[in-house]
Structures are given as C-alpha cells and as structure tokens.
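**Student:** What follows is a structure written as structure tokens; I'll ask about it next.
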Amino acid sequence: MAKTYRQAIGSWGEDLALNWLIDKDYELIQRNFRHQNDEIDLVMRKDKVIVFFEVKTRRSDAYGLAEFSITPKKLSALFRCINHYLVEQKLGDMEWQLDLLVVEKFNKDENAEILHFERLGEYDD
C-alpha cells in the first residue's frame, strides 16, 4: 500500500529519531506499537527505564510548533496505549516515562534538528 506524503514524512522523521536515540545509547524495544486506534511511535530502553516516544516531524511551521500538537486528548490516547503495552508485556513494575521528539527540517539545505522534551504529562493512575 502506497504511503501518503504525510505518512512518508512521519516515517522519515521516525527513522531520524531512532538513529539519534541509538547514538545516545537508547535500545530499541519496539517500533509503532498499536492498540486499537492508539499508537506509540518508539518504545526504547535506557539503563533500566522504558521510554515511550511520540515523534512529531515538521517540514514547516505552517501548522504551528510540533510540541503544541500534544493535546490533552492525544496525551490521554498515549497513556492508554502505554498502559496496554505495560500490561501486555507484564512490565507493570518497570520504571517508565513518556517523551516527545520533534524532528524539524524547514530548509532542504540544512540538516534536521531534533528537540527532546522529557516526561510529558502526569503519570498518576
């Protein structure tokens, strides 16, 4: 099935983000974990912490900054998906966090910039 332009940009950004994280000593556990309509882009491990990454890729700022696209509704969906992952994998006792990676490449002549926002939202049950 052919990817849309938006899907292709998202995959490109996830590839860059994954390589960036591996260079920073994160270990890939799973990519694109889905539960119903929810998805976690990257599930990584660093030290003894599982880090769930939402990756947002932007080629322009026409629709605003990527970090502002994490609405309360999106955050709720991410937490639902994380909870399902932890239950499914029997990892309820593991330390974990949710981070955002923003991949920006506004100019074709420049390298992409990656911004890392750690510990999104609240983790209370």
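Condition check ((1) out of contact with any Ser or Thr (no Cβ under 9 Å at 6 or more places or on another chain); (2) of a type in the set (K, R); (3) within 17 Å of Q30 (Cα to Cα); (4) at pLDDT below 95) across all residues:
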position	(1), (2), (3), (4)
D99	yes, no, yes, no
E104	no, no, no, yes
E110	yes, no, no, yes
L115	yes, no, no, yes
E122	yes, no, no, yes
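**Student:** L42 versus (1) open to solvent by 60 Å² or more (accessible area, probe 1.4 Å); (2) at pLDDT 95 or above; (3) closer than 20 Å to G121 by Cα: which is the lone unmet condition?
**Tutor:** Result: L42 passes all but (1).
**Student:** Further, regarding this structure: Identify all residues within the range 1-23 that are among the polar types (S, T, N, Q) and surrounded by 10 or more Cβ atoms within 10 Å (Cβ to Cβ); write none if there are none.
**Tutor:** Within the range 1-23, Q7, S11, N19 qualify.
**Student:** If we keep just the residues of the range 72-103 that are open to solvent by 60 Å² or more (accessible area, probe 1.4 Å) and either among the aromatic types (F, W, Y) or in a loop (DSSP other than H, G, I, E, B) (or both), which is nearest to L42 (Cα to Cα)?
**Tutor:** Q89
**Student:** Another one. Condition test on A66, is it under 19 Å from the mean Cα position of the chain (by Cα), aliphatic (A, V, I, L, M), more than 15 Å from I40 (Cα to Cα) and at pLDDT below 95?
**Tutor:** Yes, satisfied.
**Student:** Follow-up question, since we're still on this one. Test of understanding: among F117, F106, F52, which residue is in contact with a helix residue (DSSP H, G or I) (Cβ under 8 Å, 6 or more places away or on another chain), without any contact (Cβ under 8 Å) to a residue 60 or more places away in the chain and open to solvent by 40 Å² or more (accessible area, probe 1.4 Å)?
**Tutor:** F117
The values are calculated or read from the model by the stated rules, or taken from the named source; none is laboratory data. What you see is a predicted model, and the numbers here were worked out from it, not measured in a lab. Neighbour counts run over all protein chains shown; Cβ positions are idealised from the backbone, glycine included. These accessible areas exclude ligands, DNA and RNA; they are computed on the full protein's heavy atoms, side chains included. Shrake-Rupley method; radii C 1.70, N 1.55, O 1.52, S 1.80 Å.
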